[in-house]
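Presented below is the structure to which this report refers.
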Amino acid sequence: MEQDSYGMVNIQVPAEHLIEAIQALKAYEKAPVQLLTDLCAVHYPDKAGKELEVVYHLHSLTQNLRLRLKVAIAQDAATVPTLCNEFAGANWMERETFDFYGVKFEGHPDLRRILNMDQMDYHPMLKQYALEDETRDDKDDQFFGR
Amino acid sequence: MSDLIFNEKGQLRSLDSIDGELATLNLGPTHPATHGIFQNVLKVDGERIVSAEPTVGYIHRAFEKLAERRPFHQVTPITDRLNYCSAPINNMGWHMSVEKLIGAEMPKRVDYMRVIVMELARIADHLVCNSVIGVDTGALTGFTYMFQERERIYDLYEEISGARLTTNVGRIGGFDRDFSPAFMDKLRDFLKTFPARFEEFNSLLERNRIFMDRVIGAGPITAERALSYSFAGPNLRAAGVDYDVRVMNPYSSYEDFDFDIPVGKDGDTYDRFQVRQEEIRQSLRIIEQALENMPQGSYHADIPSFYIPPKQEVYSSMEALIYHFKIIMGETPIPSGEIYHAVEGANGELGYYLISDGGRTPYRLHFRRPCFIYYQAYPEMIQGSLLSDAILTMSSMNVIAGELDA
């Protein structure tokens, strides 16, 4: 648990303790969490064994406190427990994360693609999929940055 | 038949026993009553909805992926296309997110100018939503008059940015130009004439018996369910929770202004309509205060490494030319960091989760789109209601396809 320079509290949680952590935060007397503000994933291809990070933004309205929970997981075993039982709104946010990053949410009632078409066979937000045609050399990263 | 589906209290019985007796109705993807591209596969018993299965993503444009290849200042036009009914709020939210990342302080004048533009956008957005609720109940008149007023707000955007719908207004670090005298004249004229016309529109619907009978009780949601579904904005406030980002986490000097946050009780279509109507009045109050107390000073911050200099200076001064080149070529010293910045969009908390690794473009950018999050409650809200109420519920939730699908 640490506070970053922008004032947000970041908490790293292992995947197996995620549900416990969320339940504890929801039941915490001083600042109970009511809102799952946002849920998304980030891909760090260079972090071996922790390539994917699922990020949860939580909000306690009574104390006006925002929290950021992070769950780091390996890309080849990208499974985290679902939050659908804790927050009804997690349903589509988890489907979106699955759609774009391939993170599987264990226990999700309806884990299907949501924004992309069902026939798609890859998860497009992963960093190995370049946005533009890789044979183009007029936009060389060496000269123009990433 | 209907007592097979509903018990004596009007609640739904278990679905398994009655499946096969129901009709399947495909509503959308393009249907004039859905105001955008939404598909819903409905199971209906007569005109009552038993279940709904929404399909979204018809206008998905991969904005988050696109943003990973674009320098920071080029992400602004993408944000226009999220909620295109109130594009300036999205633009300002993005500018403020980047400013938070680089730690830039804005002059008071920039804050006040932003507040004026954002509140105008909120009025435009709520006007569309509320007048369309009227259309869906069969009252077209108010809509035609309120669209004229929305056109006047678009004229105001045009004075600031040259564009009307996808405005791309402002810059990272402030505005590209000051408010022109023509803008000020038009704004004062708008503030003088709009309230009376708006109240006239309000009187067409608010206490209209036919309208009230149609919307009261249509598509309700409790505060508890709304919170569980991560609702925000007018839809959450209509359910009775007074959460507004402008008050909870003030940005752009919102703490300087005096305004009320209206809340509803039942979270039905009528409450959502009422909350938005009152928010329009409060937005007018904010604009008037901002105009009255507009501070003197510069219309942009003094951060030459991030603020694109005016074009005439680029052509005439060495400094400006260098900074222009550096910003456009992505040589600016953007710090690495991770921020979440939220603004009160017209539909609720519009969040920007931005991770920068110090490179030319965002490493990761995630938009917290209120429409996407609250539209998933739609099947629950319309279950057991009439088909025509479902149409009303959708328009009163103000689901915008661009924001939903990103």
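The values are calculated or read from the model by the stated rules, or taken from the named source; none is laboratory data. Computed from a prediction, not measured in an experiment: that's the story for all the values here. No Cβ is skipped: glycine too gets one built from the backbone with ideal geometry, and neighbour counts run over all protein chains shown. Note: accessible area is taken over every heavy atom of the protein model, side chains too, but ligands, DNA and RNA are not part of it. Shrake-Rupley method; radii C 1.70, N 1.55, O 1.52, S 1.80 Å.
Tabulated results
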quantity	calculated
In the range B:129-172, the residues that are of a type in the set (Lys, Arg) and more than 18 Å from B:Phe183 (Cα to Cα)	B:Arg171
Unmet requirement for B:Ile339, which otherwise passes all of (1) over 18 Å from B:Ile400 (Cα atoms); (2) open to solvent by 10 Å² or more (accessible area, probe 1.4 Å); (3) in contact with a helix residue (DSSP H, G or I) (Cβ under 7 Å, 6 or more places away or on another chain)	(2)
Leading residue by the ranking (surrounded by the most Cβ atoms within 10 Å (Cβ to Cβ)) among those in the range B:223-236 that are within 30 Å of B:Arg109 (Cβ to Cβ) and within 13 Å of chain A (Cβ to nearest Cβ)	B:Ala232
Single residue of B:Ile334, B:Ile328, B:Ile339 found to be modelled with pLDDT under 90 and within 30 Å of A:Leu39 (Cα to Cα)	B:Ile334
Residue check for B:Glu349: at the interface with chain A (Cβ under 9 Å from one of its Cβ atoms), buried (at least 23 other Cβ atoms within 10 Å of the Cβ) and farther than 30 Å from B:Arg188 by Cβ	yes
The range A:91-124 - residue that is facing another protein chain (nearest Cβ under 8 Å), hydrophobic (A, V, I, L, M, F, W, C) and in contact (Cβ under 8 Å) with a residue 12 or more places away in the chain and, of those, farthest from A:Gln23 (Cα to Cα)	A:Leu115
B:Glu21 vs. criteria away from chain A (no Cβ under 13 Å), surrounded by fewer than 16 Cβ atoms within 10 Å (Cβ to Cβ) and under 30 Å from B:Ser180 (Cα atoms)	no
Residues satisfying the stated conditions in the range A:73-85, i.e. open to solvent by less than 30 Å² (accessible area, probe 1.4 Å) and either within 14 Å of chain B (Cβ to nearest Cβ) or β-branched (Val, Ile, Thr) (or both)	A:Ile73, A:Val80, A:Thr82, A:Leu83, A:Cys84
Neighbours by Cβ (under 8 Å, 6+ apart or cross-chain): first from the range B:171-199, free of Cβ contacts under 8 Å to residues at least 60 places away in the same chain and charged (D, E, K, R); second open to solvent by 50 Å² or more (accessible area, probe 1.4 Å) and not in a helix (DSSP H, G or I)	none
Lone unmet requirement of (1) over 19 Å from A:Thr82 (Cβ atoms); (2) facing chain B (nearest Cβ under 9 Å); (3) surrounded by 11 or more Cβ atoms within 10 Å (Cβ to Cβ) for A:Leu35	(1)
Subset tally (residues that are away from every other protein chain (no Cβ under 14 Å), in a loop (DSSP other than H, G, I, E, B) and open to solvent by 10 Å² or more (accessible area, probe 1.4 Å)) for the range B:192-222	6
